[in-house]
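The values are calculated or read from the model by the stated rules, or taken from the named source; none is laboratory data. Source: prediction; values computed, not measured. All Cβ positions, glycine included, derive from the backbone under ideal geometry; neighbour counts span all protein chains shown. Please note that ligands, DNA and RNA were not included when accessible areas were found on the heavy atoms of the full protein model with its side chains. Shrake-Rupley method; radii C 1.70, N 1.55, O 1.52, S 1.80 Å.
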Amino acid sequence: PAELRSTIVSTTIAFPNDERFAHEIDTGNLYARNICKYVLSEYERHFTAGDVLDVFPPMTIDHVMPQSREGDWATLVSAEDHTRWLNTWANLVPLSSPANSSKGSRSWAEAKERLQRDTVFSTTSHLYHDYSEWTPETISQRSELLQSWALTRWPFYGEFVTL
């Protein structure tokens, strides 16, 4: 058996420990990962527990701070901070396709006015209600909240063992 095990090639991915998991939430490109909609949906379920929605409407992934650093965003966020935070979980929220299209690259104030009340997604509504501005500092604060929630939602139970 030992000789057989040594010849088996496995592509199993080990679940990260808490430190690595928190680091990836803070710095990782969630937007490019296949798991992105699942993660946003799980967080949404946490906020809508007991709500009337059994199934969420079709979801798109919105960048709160837009992908294009133009307009107000060009003066509010440095190019370095834009690159740092753009595709992290802290800057992503679920939106319907029509809401995402109409939001576009609007300023924080314009998006806040519209989306804190006109979205079916609780996490998106809460974000626009809870933050008076959207800066690298507030994105970092949200990242810390998401890390705390995620470490509770997906706890690490010890070392991953492969045979």
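Assuming charge only on the beta carbon of Lys and Arg (+1) and of Asp and Glu (-1), the dipole of the chain about its Cα centre is about 360 debye to the nearest 20.
Can you tell me, using C-alpha contacts under 8 Å and at least 6 residues apart, the relative contact order of the chain as a whole percent? Over the chain, the number comes to 31 percent. In region 37-130, inverting the average of 1/r over every pair of distinct C-alpha atoms gives 13.8 Å as the Kirkwood radius. Entry note, the chain: the mean residue ellipticity at 222 nm calculated from DSSP H runs of n ≥ 4, each adding -39500 (n - 2.57), is -14500 deg cm²/dmol after division by the residues and rounding to the nearest 500.
For the chain, the per residue solvent-accessible surface stands at 61 Å², with DNA, RNA and ligands left out and a 1.4 Å probe.
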